[in-house]
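In what follows, a structure is listed as structure tokens, so that the remarks can point back to it.
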Amino acid sequence: MKTELQAESAQHCYIRIDDARLHCAILGDGRPVLLIPGWPQTWYAWRHIMQVLAANGFEAIAVDPVGTGSSSRPDAGYDTGAAASKLHRLMQALGHERYQVVGHDVGMWVGYALASDYPDAVSRLALTEAVIPGLASAPTIFASPAENIFLWHFMFNQVRDLPEFLIAGREKGYLEFIFDNWAHRRDRVAVDVYVQAYASPGGIRSGLSYYRAIPETIRQNVERAKRPLSMPVLALGADCATADAPMSTLGPHAADLRGGIIADCGHFIMEECSNEFCTELLPFLREA
């Protein structure tokens, strides 16, 4: 894999879609690949992957989805259908009618919606480290502590007002708890970058809004599940986090599914094990 290009040289763009200003970082020339981060991260989570893609003939477009990073933080529009619509129009504004998509965590939710809602635009879909509301069965509230460390936030983040009240002034501690417990190689994760992003005004509220929109996302996904994905799909998990859950979640919903599990890796797969991740991702994207 070639990696000589640096993410620091990325071009930063701000594009207005409806009531939102979306930020993205672009590196390289070639076939476009949209990179969608999860929570609580930003476009910066893709910095290593961007270098590899750009050095191997792709245009890497790492986005801050609405409400995250340097994108604006509206009061509504956090269900995955609305978020996916904005990202599709962002790609159109950048001149790309057809592109590949890679999504992580909540970005996996949005990536699935994007591929399902715009199948003529998304040529290939790679998803990692999540289960998708409405496709995966809901976990029990009586999960063991070892399981619950990856589940507790689904209910907490959906509660109205209380999380903001409890987290205000404690954003660093709240987010570090998540990175401490979900990462296997925490030293490789840019924790301070994400703490700064989500500790800014509206950062926690807008991040939680993706979870508060889960009932609407589930309603949409029940309908999407009636239309299996037609494009090739790659599903990857980390052995210290979701393991085979991405594959199991997407199994009934993709006609052409392949994937696997990255060994010795935690949830933040693009940062913790970027080389291993790219070893799986690059051949898949090159097939297009």
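The values are calculated or read from the model by the stated rules, or taken from the named source; none is laboratory data. What you see is a predicted model; the values in this text were computed from it and never measured. Virtual Cβ from ideal backbone geometry, glycine too; neighbours counted across all protein chains shown.
Filter the range 48-67 for residues that are assigned to a loop (DSSP other than H, G, I, E, B) and either surrounded by fewer than 18 Cβ atoms within 10 Å (Cβ to Cβ) or hydrophobic (A, V, I, L, M, F, W, C) (or both) and give the result.
Hits for the range 48-67 are Gly57, Val66.
Would you check if there is a residue in the range 98-111 being part of a loop (DSSP other than H, G, I, E, B), out of contact with any strand residue (DSSP E or B) (no Cβ under 7 Å at 6 or more places or on another chain) and surrounded by fewer than 19 Cβ atoms within 10 Å (Cβ to Cβ)?
For the range 98-111, residues part of a loop (DSSP other than H, G, I, E, B), out of contact with any strand residue (DSSP E or B) (no Cβ under 7 Å at 6 or more places or on another chain) and surrounded by fewer than 19 Cβ atoms within 10 Å (Cβ to Cβ): absent.
Does Ala84 satisfy the condition of being farther than 15 Å from Cys24 by Cα and either modelled with pLDDT of 95 or more or among the β-branched types (Val, Ile, Thr) (or both)?
no
Could you please find all residues in the range 112-123 being surrounded by fewer than 21 Cβ atoms within 10 Å (Cβ to Cβ) and of a type outside the set (A, V, I, L, M)?
Scanning the range 112-123 gives Asp117, Tyr118, Pro119, Asp120, Ser123.
Please go through the range 173-222 and give me each residue that is in contact with a Gly (Cβ under 7 Å, 6 or more places away or on another chain) and under 12 Å from Phe268 (Cβ atoms), ordered by number.
Trp182, Ala183, His184, Arg185
Of the residues that make up the range 39-47, is at least one in a loop (DSSP other than H, G, I, E, B), β-branched (Val, Ile, Thr), under 18 Å from Met108 (Cα atoms) and in contact (Cβ under 8 Å) with a residue 60 or more places away in the chain?
Looking for residues that are in a loop (DSSP other than H, G, I, E, B), β-branched (Val, Ile, Thr), under 18 Å from Met108 (Cα atoms) and in contact (Cβ under 8 Å) with a residue 60 or more places away in the chain, one finds at least one in the range 39-47, hence yes.
Please enumerate the residues belonging to the range 68-81 that are within 15 Å of the chain's Cα centre (by Cα) and either surrounded by fewer than 24 Cβ atoms within 10 Å (Cβ to Cβ) or of a type in the set (Asp, Glu) (or both).
Asp79, Gly81
All but one of (1) under 13 Å from the mean Cα position of the chain (by Cα); (2) surrounded by fewer than 24 Cβ atoms within 10 Å (Cβ to Cβ) hold for Ala93; which doesn't?
The one condition Ala93 does not meet is (1).
Scan Tyr211, Tyr198 and give me the residue that is touching an Asp or Glu at 6+ places or on another chain (Cβ under 9 Å) and touching a residue at least 12 places away in the same chain (Cβ under 8 Å).
Going through Tyr211, Tyr198 in turn, just one is touching an Asp or Glu at 6+ places or on another chain (Cβ under 9 Å) and touching a residue at least 12 places away in the same chain (Cβ under 8 Å): Tyr198.
Does Glu8 satisfy the criteria of being assigned to a helix (DSSP H, G or I) and at pLDDT below 95?
yes
Confirm whether Asp105 is touching a Phe, Trp or Tyr at 6+ places or on another chain (Cβ under 7 Å), at pLDDT 95 or above and of a type in the set (D, E, K, R).
Criteria met by Asp105.
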